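Asks: Provided herewith is a single structure, encoded as structure tokens, for subsequent inquiry.
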Amino acid sequence: MDAMLELFRLEQPPWQMVLRGTAIYWTLLIVFRFLLRRDVGSLGVADLLFVVLIADASSNAMQGDYKTIGDGLVLIFTLVTWNYLLDWASYHSPWVWRFLAPRPEPLVRHGHIVHRTLRRELITVEELMAKLREKGIDDLSEVRVARLEGDGELSVLTYKKSGGAQ
């Protein structure tokens, strides 16, 4: 029984783990929100590798050599709490939602590619055209607007065949 209790004891002060978890959470949130590229609806191998490496590096930064389950639970609870609080805040506050969710970026307007957005988001014309074909669009002139949404998905509004907007 003492061995079980030993696994759950705290080796570090909870406030220190909460502070570590908070610092790493906010740093990663800023990095993922502002520095990472949004791919068109997919997570590439390099992106996945980056996430795994960030997770490992941030884990080491947060742990500070703790070895008990109790210390790990405090850290996990801190991260889950921040995640829940930000979800709650973004639901209740348009300002928080706009801060956390990248705004949609136009990739095509009135049948013309917006090359500036493609360059900024590091999306090739070939990638864009492949995603448009997946949506059943072969000709750019059919597209009124195609946007890269905050979640990386491509949304497309087309012109009706009769010439009016759909």
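The values are calculated or read from the model by the stated rules, or taken from the named source; none is laboratory data. Given the structure is predicted, the values throughout are model-derived calculations rather than measurements. Positions of Cβ are generated from backbone atoms using ideal geometry, with glycine treated the same way; all protein chains shown enter the neighbour counts. Note: accessible area is taken over every heavy atom of the protein model, side chains too, but ligands, DNA and RNA are not part of it. Shrake-Rupley method; radii C 1.70, N 1.55, O 1.52, S 1.80 Å.
Asks: Just one of SER93, SER141 is open to solvent by less than 80 Å² (accessible area, probe 1.4 Å), assigned by the TED database to the domain that holds TRP26 and at pLDDT 90 or above; which is it?
Replies: SER93
Asks: Only residues in segment 1-16 that are assigned by the TED database to the domain that holds LEU79 and basic (Lys, Arg) count as the first member; pair them with residues that are open to solvent by less than 80 Å² (accessible area, probe 1.4 Å) and not in a helix (DSSP H, G or I), Cβ under 8 angstrom, at least 6 apart or cross-chain, and list the lot.
Replies: Close Cβ pairs (under 8 Å, with a partner that is open to solvent by less than 80 Å² (accessible area, probe 1.4 Å) and not in a helix (DSSP H, G or I)) amount to ARG9/THR68.
Asks: Looking at segment 1-42 only, could you name the residues that are under 11 Å from the mean Cα position of the chain (by Cα), among the aliphatic types (A, V, I, L, M) and either modelled with pLDDT of 80 or more or not in a helix (DSSP H, G or I) (or both)?
Replies: LEU36 - this is the single residue of segment 1-42 that is under 11 Å from the mean Cα position of the chain (by Cα), among the aliphatic types (A, V, I, L, M) and either modelled with pLDDT of 80 or more or not in a helix (DSSP H, G or I) (or both).
Asks: Next question, about the same structure. For segment 111-138, how many residues are surrounded by 15 or more Cβ atoms within 10 Å (Cβ to Cβ), modelled with pLDDT of 95 or more and of a type in the set (D, E, K, R)?
Replies: 0
Asks: Return the only residue of ASP87, ASP56 being in a helix (DSSP H, G or I), at pLDDT below 80 and among the acidic types (Asp, Glu).
Replies: After ruling out the rest, the residue left standing is ASP56.
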